[in-house]
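I have placed the structure first, in the form of structure tokens, so that the comments after it can refer back to it.
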Amino acid sequence: MLQVEHISARYDLLREYVQAVDDVSFTVSNGEIFGIAGESGCGKSTLLKVLYDLVAYPLERTGGQVRILPEQGNSSSAVCSGDIRRIWWKDISYVPQGAMHVFNPVTKIKHQFFDAIQRFHHVRSKKELYHELAAYFREMELAPEALEAYPHQLSGGMRQRALIALATFLKPSLILADEPTTALDVIVQRSILTMLRRVQRRDHSAMVIVSHDMGVHYQITDRLGIMYAGQMIEMGPTREIFERPRHPYTQMLIGALPRIGDTASREGILGNPPSLRNPPPGCRFAPRCRQAGPQCQQAVPAAIAVGPGHYARCLLLSQPETQTGGEHRV
């Protein structure tokens, strides 16, 4: 469904560049939910913008390609970077961060739906479209009256549901969701995740969901990629990564999570991520890694198979597993 091949992207800050995404590759199959996790500033949201072809100054794609296969994985129908905008809404949709800042504050919700849908797909009259939207809002557990409201008249959870309804109304084959539960209380978060999962299963669509909340990934994703300083450093089945993380950063990330009934103290990850204006040589996590050796400061680690469909970039992985798994790009 989605093929991401060696994508790199940077921000042009006039006299310097910030390499926000550095040589990232992965695939997502039909009906799969792929999660991307990592701390703030690691490049998650930038990567999602590149996948959606939402690239404009100061952001620029500097390498690689995104390929979307909307028709049952038929390679002859693939749509590539630079041409993805023509299949927006119908085959690929995007749920950006911050529902309050996405909607136009001085325009009713219904008009924003009309503008978005009719702009790309001139197939419905407004009267017909309104009735279909009202029915869809009920399915999304929203009162149809919300279509007549302005964004500020809806609660945070209602705005988020309306945003997801906008992204999924045309039943796209691929949904990109950037922090869909940010700034919502845990009860609303759960209902939003349940709704996303229900819509994804109903349409058998693929989904890429970005979140710094590891609990979100544990609940909803099938596979998980861990990003650090613009690179994908570990990727594999979600349960496998939670139960057997292999990269030191992933181990520390999961080790810091609270657990019900466990009163032991938790320790955060010391230090700060490196500046992407001038990232360090070798492994970018080495300055914060307690296990790092001299070789970690010099050699860039390759992605190594550490289990079925499970890959990690670390020079300290045991030699036997390295030999049995071989190398694989992440």
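The values are calculated or read from the model by the stated rules, or taken from the named source; none is laboratory data. Computed from a prediction, not measured in an experiment: that's the story for all the values here. Counting neighbours? That spans all protein chains shown, and the Cβs are built from the backbone with ideal geometry, glycine included. Each accessible area value is taken on the protein alone, full model and side chains, heavy atoms only, with ligands, DNA and RNA left out. Shrake-Rupley method; radii C 1.70, N 1.55, O 1.52, S 1.80 Å.
Listed conditions (1) in contact with a Pro (Cβ under 7 Å, 6 or more places away or on another chain); (2) at positive phi; (3) open to solvent by 30 Å² or more (accessible area, probe 1.4 Å) are all met by Gly261, apart from (1). On inspection, Arg266 does not qualify as under 14 Å from Glu234 (Cβ atoms), assigned to a loop (DSSP other than H, G, I, E, B) and out of contact with any helix residue (DSSP H, G or I) (no Cβ under 7 Å at 6 or more places or on another chain).
Looking at Gly293, Gly282, Gly255, which one is under 25 Å from the mean Cα position of the chain (by Cα), open to solvent by less than 100 Å² (accessible area, probe 1.4 Å) and free of Cβ contacts under 8 Å to residues at least 24 places away in the same chain? It would help to see each step written out before you state the result.
Details: Gly293 fails: under 25 Å from the mean Cα position of the chain (by Cα); Gly282 fails: under 25 Å from the mean Cα position of the chain (by Cα).
Exactly one of Gly293, Gly282, Gly255 is under 25 Å from the mean Cα position of the chain (by Cα), open to solvent by less than 100 Å² (accessible area, probe 1.4 Å) and free of Cβ contacts under 8 Å to residues at least 24 places away in the same chain, namely Gly255.
Looking at Val102, Val106, just one residue is hydrophobic (A, V, I, L, M, F, W, C) and within 26 Å of the chain's Cα centre (by Cα), and that residue is Val102. Taking the conditions (1) surrounded by fewer than 22 Cβ atoms within 10 Å (Cβ to Cβ); (2) aliphatic (A, V, I, L, M); (3) out of contact with any Asp or Glu (no Cβ under 6 Å at 6 or more places or on another chain) in turn, Val21 satisfies each one other than (1). Going by what's in this entry, would Arg85 be described as part of a helix (DSSP H, G or I) and surrounded by fewer than 18 Cβ atoms within 10 Å (Cβ to Cβ)? Answer is yes for this residue. Filtered by the rule that a residue be part of a helix (DSSP H, G or I), out of contact with any Pro (no Cβ under 8 Å at 6 or more places or on another chain) and not basic (Lys, Arg), the range 100-112 gives His101, His111, Gln112. Restricting Lys90, Lys49 to residues that are farther than 25 Å from Arg202 by Cβ and either surrounded by 22 or more Cβ atoms within 10 Å (Cβ to Cβ) or touching a Leu at 6+ places or on another chain (Cβ under 8 Å) (or both) narrows the list to Lys49. Residue-level check: of (1) surrounded by fewer than 17 Cβ atoms within 10 Å (Cβ to Cβ); (2) at positive phi, Ala229 misses just (1). Could you tell me which residue of the range 170-202 is farthest from Leu54 (Cα to Cα), considering only residues that are open to solvent by less than 80 Å² (accessible area, probe 1.4 Å) and in a loop (DSSP other than H, G, I, E, B)? Ranking the qualifying residues of the range 170-202, first place goes to Leu184.
Just the residues that are open to solvent by less than 30 Å² (accessible area, probe 1.4 Å), under 24 Å from Arg197 (Cα atoms) and touching a strand residue (DSSP E or B) at 6+ places or on another chain (Cβ under 6 Å), please, taken from the range 26-44. Let's see the steps before the verdict.
Looking only at the range 26-44, we keep the residues that are open to solvent by less than 30 Å² (accessible area, probe 1.4 Å), and these are 26, 28, 31-38, 42-44.
Those still in the list that are under 24 Å from Arg197 (Cα atoms) too: 26, 28, 31-38, 44.
Scanning the range 26-44 gives Phe26, Val28, Glu32, Ile33, Phe34, Gly35, Ile36, Ala37, Gly38, Lys44.
Kindly evaluate Leu59 against the criterion of being at pLDDT 95 or above, hydrophobic (A, V, I, L, M, F, W, C) and farther than 26 Å from Thr250 by Cα. Walk me through how you get there before you give the answer.
Values: at pLDDT 95 or above: yes; hydrophobic (A, V, I, L, M, F, W, C): yes; farther than 26 Å from Thr250 by Cα: yes.
Yes; evaluated as a whole, the condition is true for this residue.
The single condition among (1) open to solvent by less than 10 Å² (accessible area, probe 1.4 Å); (2) assigned to a helix (DSSP H, G or I); (3) not basic (Lys, Arg) that Ile209 does not meet is (2).
Would you pick out the residues in the range 136-155 that are assigned to a helix (DSSP H, G or I), farther than 18 Å from Gln200 by Cα and open to solvent by 30 Å² or more (accessible area, probe 1.4 Å)?
So in the range 136-155, the residues assigned to a helix (DSSP H, G or I) come out as 136-139, 144-148, 151-153.
Retained after the next criterion (residues that are farther than 18 Å from Gln200 by Cα): 144-148, 151-153.
Selection gives Glu145, Glu148, His152, Gln153.
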